[in-house]
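See structure below.
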Amino acid sequence: MDRDRDLRDHVVYLLRGGGAHLSFDKAVARLPAKLRGAKPAGVPHTPWRLLEHMRIAQWDILDFCRNLGYVSLEFPKGYWPQGDAPPNSKAWDASIKAFRKDLKAMEDLVEDAETDLFARIPHGEGQTILREALLVADHNAYHLGQLIVIRRLLGAWAEE
């Protein structure tokens, strides 16, 4: 039994929305453009703000893992988009594409046998690639859950 490979496979499974987690692609699929900037009463975010927040945070975590010259964004302001709606008709799809690209890069980093999942990131404060990959999976799962609640409130989520 190869425990290292098993661990890597498990983390990638979580990143992809496996088990009790919802996949990113399912959560963002077929949301009408007119609802991407809609905010239901009593909810602090729109689908756009959640999508962009997830994209920005995931990109930032990946950058932290790979870039010795990493500089943190201003917290929390730097991790959220400015507007409630996509700034143009192409922004939603561009954000989804960028999110997928960075998620794949995190998966590749975890899957690479040359990546020491337990080594401390040199410019960090004790963080490891394993911790950061689990942070991405956890953060994405949390906000995907929020996105589904918003979609339900907007009448844009059908149970399968």
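The values are calculated or read from the model by the stated rules, or taken from the named source; none is laboratory data. Model, not experiment: these values are computed from the prediction. Glycine also receives a Cβ, built like all others from the backbone with ideal geometry; neighbour counts cover every protein chain displayed. Note: accessible area is taken over every heavy atom of the protein model, side chains too, but ligands, DNA and RNA are not part of it. Shrake-Rupley method; radii C 1.70, N 1.55, O 1.52, S 1.80 Å.
For the chain, which whole-number percentage of the solvent-accessible area (1.4 Å probe, protein heavy atoms only) is attributable to carbon and sulfur atoms?
53
Relative to the present Cα-Cα distance, how much length would full extension add between Ser72 and Arg5 at 0.36 nm per residue of separation?
Full extension of this stretch gives 21.0 nm more.
If you count only protein heavy atoms with a 1.4 Å probe, what accessible area per residue comes out for the chain, rounded to a whole Å²?
The answer is 57 Å² per residue.
About its Cα centre, what dipole magnitude does region 69-160 give when the only charges are +1 on Lys and Arg Cβ and -1 on Asp and Glu Cβ, stated in debye to the nearest 20?
440
Pull up all non-local amide H partners of Thr128: gap of 5 or more, or a different chain, and H-to-H distance under 5 Å with H placed in the peptide plane.
Ile121
Determine which lysines satisfy two conditions relative to Lys104: a Cα distance under 18 Å, and not lying fewer than 8 residues away in the same chain.
Lys26
Only one of the listed values, (i) 19.1, 63; (ii) 38.4, 118; (iii) 16.5, 52, was derived from the coordinates as Rg and Dmax of the Cα atoms in Å; which label is it?
Looking at Rg and Dmax of the Cα atoms in Å for this model, the match is (iii).
Would you mind computing, in nm to one decimal, how far apart the modelled labels at Ala41 and Lys97 are, each placed 7 Å from Cα along Cα→Cβ?
Taking the simple label geometry, Ala41 and Lys97 are separated by 3.9 nm.
Just to check I understand the Karplus step: with θ = phi - 60° and J = 6.51 cos²θ - 1.76 cosθ + 1.60, what whole-Hz values come out for region 127-133, glycine and proline as x?
Couplings: 5, 10, 4, 4, 4, 5, 5 Hz.
Restricting to Cα atoms and excluding each atom paired with itself, what does the Kirkwood estimate give for region 82-127 in Å?
By the Kirkwood definition, the hydrodynamic radius is 13.3 Å.
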